[in-house]
1. Using Cα extents along the principal axes in Å as the read-out, say which of [x] 35, 22, 16; [y] 30, 22, 18; [z] 35, 33, 16 was calculated from these coordinates.
2. Expressed as a whole number of Å, what is the distance separating the alpha-carbon centroids of the stretch 37-62 and the stretch 3-23?
3. Which value in deg cm²/dmol, rounded to the nearest 500, describes the helix-derived mean residue ellipticity at 222 nm for the chain, given -39,500 (n - 2.57) per DSSP H run of n ≥ 4 and division by the residue count?
4. For the chain, what is the accessible area per residue in Å² when the probe is 1.4 Å?
5. I want to check the label-to-label distance for Cys57 and Gln3. Put each point 7 Å from Cα in the C-beta direction and report it in nm to one decimal.
6. At a 1.4 Å probe radius, carbon and sulfur cover how many percent of the accessible area of the chain?
Amino acid sequence: YRQYSARFKAAVASVAPCIEDRGIDEIYIDLSHHREDSDTLAHRLQQTVLDATGLTCSVGINPNKLLS
């Protein structure tokens, strides 16, 4: 589980390096510097995680982490 967690976080960091770790399978990502629209960015993150781990993931995009 830890190996997949590390792969997951490394994959996300390759797209969005500003990450706040919230546990072994959850993170908050600061996407404020990305110019892509939310749907495109969410799909890119999901594809990056799938390619790195073989696992699917959910992405919720909100104006702040408290709403997430």
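1. Among [x] 35, 22, 16; [y] 30, 22, 18; [z] 35, 33, 16, the one calculated here is [y].
2. One Cα centre to the other: 12 Å.
3. Mean residue ellipticity at 222 nm (helix-derived): -14500 deg cm²/dmol.
4. About 74 Å² of surface per residue is accessible.
5. Simple spin-label model gives 1.8 nm for this pair.
6. Ligands and nucleic acids excluded, carbon and sulfur give 50 percent.
The values are calculated or read from the model by the stated rules, or taken from the named source; none is laboratory data. Quantities reported herein were computed from a predicted structural model and do not represent experimental measurements. Because the Cβ atoms are built from the backbone with ideal geometry, glycine has one as well, and the counts that use them run over all protein chains shown. The accessibility values were calculated without ligands, DNA or RNA, using every heavy atom of the protein model including side chains. Shrake-Rupley method; radii C 1.70, N 1.55, O 1.52, S 1.80 Å.
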